Amino acid sequence: MFTARLRTMIAAGAAMVLSTLLLATAPQPAAAETVDDIISRGKVVIAIDTTTPPYGMIDEQFQPAGFDIEFAKKIGEALGVPVEFVTVTSPGRIPALLTNRADMVVSIFSITAPRALQVAFSIPYAGQSAVVLAPKSTAIKSHADLVGKKVGLTRGTGEDGLLTEAAKANPGIEILRFDDYASLLQAMVSGQIDAMGGGDYGDIYLKKSAKGDDFEMKYILKTFYFGVGVRRDNPDLLRWLNTFIFTLKQDGTLEQLSQKYRNTPLPPLPVF
Amino acid sequence: MQSYVFQFGPILIRSEELIHGAWLTVWFASVSMVLGLAIGLLGAVTRSFGPRWLSAAVAAYVELIRNTPLLIQLYFVFFTLPFLGLKLSSSAAAILALSIHLGAYATEILRAGIQSIPAGQIEAAKSLGLKPIQIVRRILLLQALRAVYPALCGQFILQLLGTSIISAIAAEELTAIANNMVMQTFRSFEVYITVAVVYFVLVQAFSLLFQGFSRIFFRWKI
Amino acid sequence: MNLREFGFGEFSFLLLSARWTILLSLIAFAGGGALGLVIAALRISARRPVRMIAAGYIRFFQSTPILIQLFMAYYGTAFIGLSPDPWTAAAITFTLNAAAFFGDIFRGSIEAIPHGQWEAAKALSLRHLQTLRLVILPQALKLMLPPTVGFMVQIVKTTSVASLIGLTELARTATMINTVTFEPMLVFGSVALIYFALCWPMSLLALHLERQLEVEGRGRAALA
């Protein structure tokens, strides 16, 4: 009985390893896609996330809305084809591109070098500062003041990287990672955390709670820039996107979007 | 598609984090299994032999917990209890919610086990002059446990895998650490495959342990 | 952007999104139940290799998180040249996964029936499948029902992981609404109510079925 169990374990384990190998060695179709391909196909498929307000969310009619969504629609208009949205979650953004689920990702996709090893980024179309928020009654001016405190943040965001580093350099900072921004803010309001890292639009949320006015922005961590993600073997599409973003920046469209959704101006957007 | 090259290197150099995550998962699962089983034993006996009102209260607890998602229970313990004056840390809140959750399932499973024991045995024990507590302890519990052992172990394994959602209230365990790794390395396929293997190994270890328990505790032949 | 209130429109949208949770659950019940029966039958087959394959199947699906299974079914299949849409990927994952659990529950209950009954049936010259159908299953059903329906309830709640691949079922809709209203207690309270309304009737049904079986069982015992 005991050895039979072991044998089935080994069999199942072997099946798992085998299927992994199968995945790894399977031939992979190559399809470099140009702007012309998209136009002749008659639609552009863009990956979005509707749980990341004010960039991706749902409006009063429960349709996708927000900075990213409106920007994505403008991409479709400029290409002259309808946009088909596919919904992704944060960890699904890179796989969605790599597995051809979408032509591009427009979903608060911060431009970082490690990510660029897997996908290519356009020049930034938006950006925001990561900041530390806390109750007014708490005196916080820098990382050193966070020692001995519980600091909440959203997993995998820019704040996560920066504050995790800060916690290493300043022992005694306790980091709590939440899965989404609303949970993080709820933890702040419930008093489960003493301070939090968030975007510079973060007080939109806190203002709604009864104790909303008790919170304030303490200090700025860093500014992050969002780019459109495309597959790495797609220089043609990337070149077009860069040109397109350049024109929207010059004619003030991006700034308008920022005021409309973020209630604050965009930081200066550098190019690369 | 862009040809994809699997790179397990960035994950394997973080194996220390993975082992830590696995340990946390084992810890959360084990503690909540012990507490959940205790709640279940108490609940099942109360439900089967307790006074009517108490039995009804246990039934209400079981129904309430089994029919709502663990995620909501976690939110309630972590986000709402502070407003009622009970502020628990992420880990404590996770343990509490996980144990209450498993306890409801264990209660229901064990109750079915107690019910499967022929009434004649209780009658016989009574006529031998055994007290109710002795009957429960010596006649019912072990037999009931044995009758529903597979179902109970299945529930325990579900619990082991189910601990993965406690990251919603910022408790760290294997899946949370895997997601951190995905965010650091952006190699979701490699990370998830590796983590699937780790979970697989953990489940096998727990199964072997459960198998060992059954050999120790249920040695008698029917 | 301004946050809005959690009003009637938001609640109805949440309620409507439950239809995807229901559909996904029904697929898992039907597909997983049918495949689960096959798996259970294979698992107690007289032939060893067949038993091993079924056991390996159950073990694989029970030992890895469904979240990762789903991720692989949706994104990972690209490596073997497939590209299922989210619904197909979710339907396949939930069917395969539920079958493993159903199969194991069925097998566990069947094996809990004393082995002497198999031998007695053999002495009465019943064949393997006949014994299973006429002697073992009716008794095993009593043990099988509570965990089976318990697991069905579990399936309804587990469908929430489908939000990983962008299916806007109940849980993901809740997150969407919570992020634009920031009323977690109202949003998740409503979600808890909706899940409860979906799951409770099933739990009640299970209890009812179980009681019926008990009555039958007692009836036979009194006759004997």
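Looking only at residues that are in contact (Cβ under 8 Å) with a residue 40 or more places away in the chain and facing chain C (nearest Cβ under 9 Å) in region A:93-106, which one is most open to solvent (accessible area, probe 1.4 Å)?
Here is the first cut: in region A:93-106, the residues in contact (Cβ under 8 Å) with a residue 40 or more places away in the chain are A:93-94, A:96-98, A:100-106.
Now narrow it down to the ones that are facing chain C (nearest Cβ under 9 Å): A:96, A:98, A:100-101.
Details: A:96: 1, A:98: 4, A:100: 68, A:101: 30 Å².
So, considering only residues that are in contact (Cβ under 8 Å) with a residue 40 or more places away in the chain and facing chain C (nearest Cβ under 9 Å), the one most open to solvent (accessible area, probe 1.4 Å) is A:100.
Looking only at region A:43-99, how many residues end up being assigned to a helix (DSSP H, G or I) and closer than 24 Å to residue B:176 by Cβ? Can you show your working first?
Of all residues in region A:43-99, those assigned to a helix (DSSP H, G or I) come to A:67-79, A:90-98.
Filter once more, keeping what is closer than 24 Å to residue B:176 by Cβ: A:90-96, A:98.
Count: 8.
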Residue under question is residue B:200, and the condition is that it be facing chain A (nearest Cβ under 10 Å), aromatic (Phe, Trp, Tyr) and open to solvent by 10 Å² or more (accessible area, probe 1.4 Å); does it hold?
yes
Hey, among C:193, C:170, which residue is open to solvent by 50 Å² or more (accessible area, probe 1.4 Å) and modelled with pLDDT of 85 or more?
C:193
Restricting the search to region B:178-195, which residues are under 20 Å from residue B:28 (Cα atoms) and either out of contact with any strand residue (DSSP E or B) (no Cβ under 8 Å at 6 or more places or on another chain) or more than 7 Å from every other protein chain (Cβ to nearest Cβ) (or both)?
B:178, B:179, B:195
Can you name the residue in region A:238-263 that is of a type outside the set (Asp, Glu), touching a Pro at 6+ places or on another chain (Cβ under 8 Å) and over 30 Å from residue A:146 (Cα atoms) and is also most open to solvent (accessible area, probe 1.4 Å) among such residues?
A:259
Does any residue of region A:128-137 turn out to be open to solvent by less than 10 Å² (accessible area, probe 1.4 Å), closer than 23 Å to residue A:256 by Cα and of a type in the set (A, V, I, L, M)?
yes
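Out of all the residues in region A:228-237, which are surrounded by 21 or more Cβ atoms within 10 Å (Cβ to Cβ) and within 14 Å of chain B (Cβ to nearest Cβ)?
A:229, A:230, A:231, A:234, A:237 - these are the residues of region A:228-237 that are surrounded by 21 or more Cβ atoms within 10 Å (Cβ to Cβ) and within 14 Å of chain B (Cβ to nearest Cβ).
For the structure I just gave you, tell me whether residue B:85 is at positive phi and open to solvent by 40 Å² or more (accessible area, probe 1.4 Å).
Details: at positive phi: yes; open to solvent by 40 Å² or more (accessible area, probe 1.4 Å): yes.
When the stated conditions are applied, residue B:85 passes them.
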Helices (runs of 4 or more DSSP H) wholly in region C:1-95 with at least 3 residues that are more than 13 Å from chain A (Cβ to nearest Cβ) - which ones?
C:8-43
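Report yes if residue B:42 is open to solvent by 50 Å² or more (accessible area, probe 1.4 Å) and more than 9 Å from chain C (Cβ to nearest Cβ), otherwise no. Steps first, please.
Working: open to solvent by 50 Å² or more (accessible area, probe 1.4 Å): yes; more than 9 Å from chain C (Cβ to nearest Cβ): yes.
Judged against the criteria, residue B:42 is a match.
The values are calculated or read from the model by the stated rules, or taken from the named source; none is laboratory data. Computed from a prediction, not measured in an experiment: that's the story for all the values here. Ideal geometry is used to build each Cβ from the backbone, glycine not excepted, and the neighbour counts take in all protein chains shown. We work out accessible area using only protein heavy atoms, side chains counted, and drop any ligands, DNA or RNA first. Shrake-Rupley method; radii C 1.70, N 1.55, O 1.52, S 1.80 Å.
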